[in-house]
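What follows is a set of notes on a single structure, which appears directly below.
Read-outs: derived from the displayed coordinates by stated rules, not from any lab. Quick caveat, the model's predicted, so the values are computed rather than measured. Cβ coordinates were reconstructed from backbone atoms using ideal geometry, including for glycine residues, and neighbour counts include every protein chain displayed.
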Amino acid sequence: MRKKLILISGSPCVGKSAVGTRLFERYDNSAYLDGDWCWCVHPFSVADKRLRNGDKSMSFVLSNYLDSGFEYVFFTSVVLTDARIRESILSGITARDYETIGFTLTCSEETLKRRHDRRGDKSETNYYWLHLPPYPDDIVIETDNKTIHDVAKEMKQHIDAVAMNLM
């Protein structure tokens, strides 16, 4: 079976990390990278050009996971919603013989606001990322009125279907 790099993108507070963790736990021989770990800097600013160095770190970690023989590598990040950044991260991966499966998680503005507030963020909810178009060929999953378990189950069905077609 070819290794799978599963990309999970979407707005902050849409459920990427929670679903990524849940999926990672459901697959043996898997690894997980939350892209937030690679640009955890203070003070944080999206305009900080040094964050693109974080993208290189993401490529490096993903390459290591794929080269280490993990069958499933889960990668969650808001930056995957930006086509230019996603392509830069993917082109920096040196591993070979893997397949990419992309997901974009989305929800309504009301749901995003509720999740944002529940998370305890003091800043105003930002809808910029929510309204970006999904990356071409991503599987779009609407998360309104769904639990993390529901979303993970739906995504697992897609991942398993792809795995079955390649055997």
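Values computed for the structure shown
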| read-out | value |
| --- | --- |
| Euclidean distance between Cα centres, the stretch 1-77 to the stretch 119-167, Å | 14 Å |
| Candidates Lys122, Lys113, Lys153: whichever shows maximal mean-square fluctuation once the chain is modelled as a Gaussian network with Cα springs under 10 Å | Lys122 |
| Likely footprinting exposure, Tyr98, Tyr65, fewest C-beta neighbours within 10 Å first | Tyr98, Tyr65 |
| Computed FRET value (nearest 0.05) for Arg50 with Glu142, which takes r as the C-beta separation and R₀ as 25 Å | 0.15 |
| Size of charge dipole - the stretch 1-43 - debye, nearest 20, with Cβ of Lys, Arg +1 and Asp, Glu -1, no other charges | 240 debye |
| Gaussian network model of the chain, springs between alpha carbon atoms under 10 Å - residue of Ala47, Ala95, Ala18 with greatest fluctuation | Ala47 |
| Cα centre as origin, Lys/Arg/Asp/Glu Cβ charges: the stretch 1-77 dipole, Debye | 200 debye |
| Per-q log10 I(q)/I(0), the chain, q = 0.09 Å⁻¹ (Debye; single scatterer per alpha-carbon; no solvent) | -0.29 |
| Positive dipole terminus of the chain, leading residue within Asn53, Leu130, Gln157 (C-beta point charges) | Asn53 |
| Ordering of 36-44, 135-143 by burial proxy (mean other Cβ atoms within 10 Å per residue, highest first) | 135-143, 36-44 |
| Selected from Asp55, Asp150, Asp34 as most flexible by GNM, with the chain as the system and alpha-carbon contacts under 10 Å | Asp150 |
| Across Lys56/Lys156; Lys16/Lys56; Lys49/Lys153; Lys122/Lys146; Lys113/Lys153; Lys3/Lys122, pairs whose alpha-carbon gap is larger than 31 Å | Lys49/Lys153; Lys3/Lys122 |
| Dipole in debye (nearest 20) - the stretch 46-167, about Cα centre, beta carbon charges: Lys, Arg +1; Asp, Glu -1 | 500 debye |
| Measure of compaction for the stretch 69-131 (Cα Rg per 2.2 N^0.38 Å) | 1.45 |
